[in-house]
1. Condition (residue is modelled with pLDDT of 90 or more, open to solvent by less than 80 Å² (accessible area, probe 1.4 Å), closer than 17 Å to Glu111 by Cβ and under 12 Å from the mean Cα position of the chain (by Cα)) applied to the stretch 42-49: is it met by at least one residue?
2. Is the stretch 121-131 home to any residue that is closer than 24 Å to Gln41 by Cβ, modelled with pLDDT under 90 and of a type in the set (Asp, Glu)?
3. Taking the criterion of being surrounded by fewer than 17 Cβ atoms within 10 Å (Cβ to Cβ), modelled with pLDDT of 90 or more, of a type outside the set (Asp, Glu) and under 15 Å from the mean Cα position of the chain (by Cα), would at least one residue in the stretch 14-28 satisfy it?
Amino acid sequence: MATRVVATATVRALKGRKLLPTRAALTLTSAAVNRIKTLLQDKPDFIGLKVGVRQRGCNGLSYTLDYASSKADKLDEEVVQDGVKVFIDKKAQLSLLGTEMDFVESKLSSEFVFNNPNIKGTCGCGESFSM
């Protein structure tokens, strides 16, 4: 089965900054919500995005993003915020607790950024992390 890449993602370790605990496993910034709405607007077969983790990169783990046509696994966590749905793969739930998902655009790139207080380190390019 071919893997589709929805977008790139960067990881940032948050040192000295505490995110306030929320009920949701993942919180979305308004920029992330708007980008997800844009990605899904011409894709009626998909109901949201699915976030996962896989072993990759120089620091061990990286995030994956894919379109979700349904809640594939009953153990996946569903986050609904401002009209968008993000499903968290059961294997990624502990590594994403308390994480803020943002969308950042610059002159050179546009990508989702996961501001995660749980990670211990990231690689130089920011694509992989360790817990």
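The values are calculated or read from the model by the stated rules, or taken from the named source; none is laboratory data. Only a predicted model underlies this, so the values are computations on that prediction, with no experimental measurement involved. Ideal geometry is used to build each Cβ from the backbone, glycine not excepted, and the neighbour counts take in all protein chains shown. Protein only, heavy atoms only, side chains kept; ligands, DNA and RNA dropped before computing areas. Shrake-Rupley method; radii C 1.70, N 1.55, O 1.52, S 1.80 Å.
1. For the stretch 42-49, residues modelled with pLDDT of 90 or more, open to solvent by less than 80 Å² (accessible area, probe 1.4 Å), closer than 17 Å to Glu111 by Cβ and under 12 Å from the mean Cα position of the chain (by Cα): present.
2. No - not one qualifying residue is present in the stretch 121-131.
3. no
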